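Asker: Sending over a structure as structure tokens; questions will come in a sec.
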Amino acid sequence: MWKIALERKWFLFHIFTILSIALCLRLGLWQWVRRERTDAISGEQVISLQSSFYAVQWIFFAAAVGWFWYRFFRDEYLSRTGKLKKRDE
């Protein structure tokens, strides 16, 4: 498994995945901080539900990137070892 993971193609894919997850989590944090604003009329702190949901959505995007990385790597490993079952059979 490590032999596949350290190939140039997969090494770049690992780096891209880590950077994508970090970016998604950073955008989620930014959106979470941005959700609190001061109302222009009353001067009270208001929490935007839309921004709150966007913050949670970025966390799901990060999880989806991790899941896709896992699936692509697992499928490559199983196809090289001959353990991947084909759908046509």
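Asker: Using a cut-off of under 17 Å, list every residue of region 1-43 whose amide N is near the label point 7 Å from the Cα of Thr81 along the Cα-to-beta-carbon line.
Answerer: 1-7
Asker: Here's something else I'd like to know. Under unit Cβ charges (Lys, Arg +1; Asp, Glu -1), what dipole magnitude, rounded to 20 debye, does region 5-66 have relative to its Cα centre?
Answerer: About 280 debye.
Asker: Rank by packing, highest mean first: peptides 24-34, 10-20, with packing defined as the count of other Cβ atoms within 10 Å averaged across residues.
Answerer: Values: 24-34: 15.4, 10-20: 13.6.
Descending packing order for the listed peptides: 24-34, 10-20.
Asker: Where a ≥ b ≥ c are the square roots of the eigenvalues of the C-alpha gyration tensor, would you call the chain rounded, which needs a/c under 1.5, or, failing that, prolate if a/b is larger than b/c, or oblate?
Answerer: prolate
Asker: Using a 1.4 angstrom probe, figure out how much accessible area the chain has per residue, in square angstrom, rounded to the nearest whole. Walk me through the intermediate numbers first.
Answerer: Details: 7560 Å² over 89 residues.
With all protein chains present, the chain gives 85 Å² per residue.
Asker: Of the trypsin sites (Lys or Arg not before Pro) in region 44-85, which ones lie in a loop per DSSP and count no more than 10 other C-beta atoms within 10 Å? Intermediate results must be reported in sequence, preceding the final value.
Answerer: Details: sites: Arg71, Arg74, Arg80, Lys83, Lys85; in loops: Lys83, Lys85.
Filter output for region 44-85: Lys83, Lys85.
Asker: Then there's this: Please give the length that would be gained between Phe53 and Leu25 if that part of the chain were fully extended, namely 0.36 nm times their separation in residues minus their C-alpha to C-alpha distance (nm, one decimal).
Answerer: Values: separation 28, 0.36 × 28 = 10.08 nm, distance 1.37 nm.
So the extension gain works out to 8.7 nm.
Asker: Of Phe53, Ile41, Leu27, which is farthest along the charge dipole of the chain in the positive direction, counting Lys and Arg as +1 and Asp and Glu as -1 at C-beta?
Answerer: The Cα lying farthest towards the positive end belongs to Leu27.
Asker: Would you mind checking the tilt of helix 8-34 against the longest principal axis of the Cα atoms of the chain, expressed as 0 to 90 degrees and rounded to 10?
Answerer: That helix lies at roughly 20 degrees to the long axis.
The values are calculated or read from the model by the stated rules, or taken from the named source; none is laboratory data. Quick caveat, the model's predicted, so the values are computed rather than measured. Backbone-built Cβ (ideal geometry, glycine too); neighbour counts: all protein chains shown. Quick note on the areas: whole protein, heavy atoms, side chains included, nothing else; ligands and nucleic acids left out. Shrake-Rupley method; radii C 1.70, N 1.55, O 1.52, S 1.80 Å.
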